[in-house]
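The values are calculated or read from the model by the stated rules, or taken from the named source; none is laboratory data. Keep in mind that this is a model prediction, so the values were computed, not measured. Virtual Cβ from ideal backbone geometry, glycine too; neighbours counted across all protein chains shown. Ligands, DNA and RNA are excluded from the accessible area calculation, which covers all protein heavy atoms including side chains. Shrake-Rupley method; radii C 1.70, N 1.55, O 1.52, S 1.80 Å.
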Amino acid sequence: MDPAIRTSALTKRYGKRLALRGVDLEVPAGVVFGYLGPNGAGKTTTIKILAGLLRQTSGRSEILGMDTVAERDRVQRHVGYLPGEFVAYPDLTGDQYFRFLGNLRGLPASGVVPRLAKRLGLDLDQRIGTLSHGNRQKVGIVQAFMHDPEVLILDEPTSGLDPLVQREFLALVREARDAGRTVFLSSHVLSEVEAVADVVAILSEGEVVVTQSVDEMKQQAVRQIDLVFTSEPPLAALRGAAGVRDVTSTGMTAHVVVEGETTELLRVAAPHGVTNIVTHEPDLEEIFLAYYAPAR
Amino acid sequence: MLGNLFLKTLRDQRRGLTGWSIGLVLLVLVESALWPSVSDMPNLEQFLEGYPEPMRELFNIEAITTGQGFMNAELFSLLLPALFIIYAIGRGVRLIAGEEEAGTLEILLVTPLSTAGLLLQKLAALAVSVAALGAVLFVSLVGCSAAFDVGISAGAAATGSLAMVLIGLEHGCLALAVGAITGRRGLAITVAGSVAVAGYVLYVAALFVDAMADLQPLSPFYQALADGPLGAGLPLRFIWMPLAAVALVLVALPVFDRRDVATAR
């Protein structure tokens, strides 16, 4: 069986700038695939090539075994696409917009749109131009899911959504996967992808630097944790804990850089009287620099 | 009106079309209302002889002694063609370049709709929209002619209106084509507007400069306006305007099909 998405040696050049340098991806059907990378790494360029909106300079890209250039219209039939900057017609209401898109896609009238709108808390009778940024993003999510496409390609889907709606969105993604759909979603926030993805690829400066399962990634993720103690931090003991790579301190606070699981660190720290724990979201660039770079 | 892209595009134009139609009706009404007093001027012909020769030729002023000639000189020699061209360019640039700059084009493309289908539905909507404005012109010409005894036959009103539709549509298609090729609305307006001005300059210059007389038939203004357009019948040269329009869209199609689509800016 063909993978849901496959790219080989995908390259995109804008004038002199190389946005993608030979990207190879293989996403099996029925998987949530997280496409991570800092801004400007080439995530959106990859996504637009997959959606048939850009043409690669060289290399191949396929969705469901169909070439995204030669068979673009067939590919687009099977894709739900949410652009990074989603814009809908401001003069239409949500209801009118989805009716229009439903007609373009040849969908019969159904209860799917109202059901999706209700779950996300979107008012379909309001004109899109009067909606807040977060609510417009909901419009974008509904239009990507409404025709139950086999492949969902979502560029930074949670931007502007409040945490409750984010959770509902992640539930939609999981349900789509459980129904056998393939979800390709990009993000520059690791935690967002961790929560839902099965496999993650990290992109840096137009190259995929690593592809692995989220479980493996969690094992290897490097996080900074600040532990506030009741007295002088027990630096020596902390340094000895498994996974700890670096410890510094300012006053009562120990700044610990830990790789993978934090169980051992917390077990060692607890007897010394911890009053507060602040964990910093690992920055992707940091993960890349701190962990993958030396291994290459 | 949301059943397909063609209808949706027409729906987007309903307000603009209504406003332009009202303006057009008022314009024809005012000019027609002037006619009775102009035709009653006792020494109209002497008055007209005072005009410099080039002006007399450009506006076909000798013919002003008839209502049809008056309307040709007052409305059809510059004002109406310019209005139809501006209307069509204004719609034409929005169809692709406007949607692309707004950021709505991406979602339209990631559907079973092909780029060719998209462009052709947009073209059809533009043609219907400009033709609707032409129909408004026709009806107001016939109505006002009857009311103020201007003496424009229904046939003359029809071919005159057709000439306006064709010259407008040609420039609108140029704007659509440049917009589809580049995705840039400002550039499409500039190119289509410049071509319109160049066409007019060629048409006028050829009246005065003998060396340019051979080039005059190339100007859309010549094709649309020569010897009329009211009263010139249905000349074969009209055909160049829709042919050029179709050719422009055909040139744009493969480029639009292959090029990268920009993100909202």
Inset, instruction - State whether the residues of segment B:231-247 include one that is in a helix (DSSP H, G or I), within 14 Å of chain A (Cβ to nearest Cβ) and without any contact (Cβ under 8 Å) to a residue 12 or more places away in the chain. - result: no
Inset, instruction - Could you list all residues from segment A:16-30 that are over 14 Å from residue A:61 (Cβ atoms) and either under 18 Å from the mean Cα position of the chain (by Cα) or without any contact (Cβ under 8 Å) to a residue 24 or more places away in the chain (or both)? - result: A:16, A:17, A:28, A:29, A:30
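In this structure, does residue A:102 turn out to be of a type in the set (Gly, Ala, Ser) and either open to solvent by 10 Å² or more (accessible area, probe 1.4 Å) or under 19 Å from the mean Cα position of the chain (by Cα) (or both)?
Numbers: of a type in the set (Gly, Ala, Ser): yes; either open to solvent by 10 Å² or more (accessible area, probe 1.4 Å) or under 19 Å from the mean Cα position of the chain (by Cα) (or both): no.
It is false that residue A:102 is of a type in the set (Gly, Ala, Ser) and either open to solvent by 10 Å² or more (accessible area, probe 1.4 Å) or under 19 Å from the mean Cα position of the chain (by Cα) (or both).
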Inset, instruction - Within segment B:224-256, track down each residue that is open to solvent by 30 Å² or more (accessible area, probe 1.4 Å) and among the β-branched types (Val, Ile, Thr). - result: B:239, B:246, B:251, B:255
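Report those helices (runs of 4 or more DSSP H) wholly inside segment B:5-98 carrying at least 2 residues which are on the phi > 0 side of the Ramachandran plot.
Working: elements: B:5-12, B:14-39, B:44-49, B:53-58, B:67-71, B:79-93.
Ranges flagged: none.
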Legend entry - Given (1) within 14 Å of another protein chain (Cβ to nearest Cβ); (2) in a loop (DSSP other than H, G, I, E, B); (3) among the small types (Gly, Ala, Ser), index of the condition residue A:80 fails: (2)
Inset, instruction - Taking the residues in segment B:141-154 that are in a helix (DSSP H, G or I) and in contact (Cβ under 8 Å) with a residue 60 or more places away in the chain as candidates, determine which candidate is surrounded by the fewest Cβ atoms within 10 Å (Cβ to Cβ). - result: B:147
Inset, instruction - Answer yes if at least one residue in segment A:177-189 is without any contact (Cβ under 8 Å) to a residue 60 or more places away in the chain, buried (at least 16 other Cβ atoms within 10 Å of the Cβ) and out of contact with any Lys or Arg (no Cβ under 8 Å at 6 or more places or on another chain), and no otherwise. - result: no
Legend entry - Verdict on residue A:88 being farther than 19 Å from residue B:114 by Cα, of a type in the set (Gly, Ala, Ser) and within 7 Å of chain B (Cβ to nearest Cβ): yes
Legend entry - Residue, farthest from the other protein chains (Cβ to nearest Cβ), within segment B:116-140, restricted to residues that are open to solvent by less than 10 Å² (accessible area, probe 1.4 Å) and under 30 Å from residue A:72 (Cα atoms): B:126
Inset, instruction - Please indicate, with yes or no, whether at least one residue in segment B:92-109 is open to solvent by less than 70 Å² (accessible area, probe 1.4 Å), in contact with a strand residue (DSSP E or B) (Cβ under 8 Å, 6 or more places away or on another chain) and charged (D, E, K, R). - result: yes
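Which of the residues that make up segment B:219-234 are over 17 Å from the mean Cα position of the chain (by Cα) and farther than 17 Å from residue B:80 by Cβ?
Initial filter on segment B:219-234 (over 17 Å from the mean Cα position of the chain (by Cα)): B:227, B:231-233.
Correct list: B:233 only.
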